[in-house]
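Derivation of every value follows stated rules applied to the coordinates shown; laboratory data play no part. Keep in mind that what you see is a predicted model, and the values were worked out from it rather than measured. Positions of Cβ are backbone-derived with ideal geometry, glycine not excepted, and every protein chain shown enters the neighbour counts.
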Amino acid sequence: MEITRRSLIRFLVAVPVTSILANGGTPASLITDDELKKVPNNNAYNKEMKHVIAGDLDVAYYETGPANGAPVILLHGFPYDAHTYDEAARQLGASGLRCIVPFLRGYGQTRFRSAATFRSGQQAALGADLLALMDALKIQRAVLAGYDWGGRAACVVAALHPGRVAGLVSCGTGYNIQNMSMATAPLSPEKEHLHWYWFYLNSERGKNALTNERNTLCRHLWTTFSPTWKFNDDIFMQTAASFQNPDFVDVVLHSYRYRIGAVPGDPKFNETEDRLSQQPEISVPAIVLMGGADGVDPAEDTDKFANHFSALRDSITLKNIGHNLPQEAPKDFAAAVMRITREGL
């Protein structure tokens, strides 16, 4: 269904959160517009970047909200970074949730701990990173929310480790797990056309563009992924700084080459990828948000992915919103996270 942003927010926050107690959390409800006006709009939590050793990575992340709040992990996609969630995290943190917003492998100040580690961008690696982050932060159970690469990591963990996931908000493609056994099977010409950059990044020409003209390329992707989003230079350049990560090019190239079967994955993830190719069910409470103007993953009818979820609470299309949904519609996104938190924790 396609509904207006205002009606979505009214619907999602209609019932207040009365009890969120997991991990020492405190009662919370989504902050009202009047209350939010009293919260400094300076993304103060961004002033102190935190780091934690987690698996293969030294993960850089931002955190907002009370330390004993119910934990929510917000995961960005390509070509974006943790700043996607500046406003949504401000709202959720002010509402009493503990928001963890990491930079994925290859982005920002996140670094590989060893030069010998495979610079993989495959879904199993992203899922392993997320699980390692939760372990490092001693978060036994959390709500996961994301889109694109981050949505894929969230879906992987939700499917394979449901006991660690209280709820899921998946943006864009609702069921965001790739079936690598079908990696070389063609999609419709219309869908392949939308994924032109996958194939561009499989060429030496695309590699050179990503290496030498990455800001130009990534800004073009922003405009095609979200054709209705009117971002400015400051917003783009804040995120573009993350593309200077020394492993950005290698991780991105592997992601888009692996997903079409052009290169092998990291052998240590073979078993996980085999499990994911079986398209495991996601059993945790979930909400799917789709952008009505998404230039990569056009909104689909719910029945095309609903069979992959056994606890799907809702699937909602936001009119005139593109691929970078959490940054384009932060209040809608925050409301969905709050609703699934209420149901899951």
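Things worth noting here:
- Applying 1/(1 + (r/R0)^6) with r as the Cβ-Cβ distance of T216 and S188 and R0 = 30 angstrom yields a FRET efficiency of 0.55.
- Annotation: extensible slack from D274 through T224 equals 14.7 nm (criterion: 0.36 nm per residue apart, minus Cα-Cα distance).
- Q109 paired with N232, simple spin-label distance in nm, labels 7 Å along Cα-to-beta-carbon: 2.6 nm
- Reachable aspartates and glutamates, given that their alpha-carbon falls under 13 Å from the alpha-carbon of K191 and they are not under 8 places away in the same chain: D294, D297, E300
- Spacing of the modelled spin labels on A311 and D34, each 7 Å from Cα toward Cβ, amounts to 3.5 nm.
- The order of the peptides 54-62, 81-89 by mean Cβ neighbours within 10 Å, most packed first, is 81-89, 54-62.
- Pairs beyond 30 Å (Cα-Cα), from K50/K268; K268/K319; K138/K304; K230/K268; K207/K319: K268/K319; K138/K304; K230/K268; K207/K319
- Between V263 and H161, the contour length at 0.36 nm per residue exceeds the alpha carbon distance by 34.0 nm.
- Taking other Cβ atoms within 10 Å as a rough exposure proxy, W196, W229 sort from fewest to most as W196, W229.
- GNM top mover of G291, G121, G206 - the chain, alpha-carbon springs below 10 Å: G206
- Within a Gaussian network of the chain (alpha carbon springs, distance under 10 Å), most fluctuating of V284, V157, V52: V52
- Calculated mean residue ellipticity at 222 nm for the chain: -10500 deg cm²/dmol, from DSSP H runs with n ≥ 4 weighted as -39500 (n - 2.57), summed, divided by the residue count and rounded to 500.
- Relative contact order computed over the chain (Cα-Cα under 8 Å; 6+ residues apart), in percent: 24 percent
- Listed from fewest to most Cβ neighbours within 10 Å, the set S277, S170 follows the order S277, S170.
- Note on T211, T216: ascending count of other Cβ atoms within 10 Å places them as T216, T211, the fewest first.
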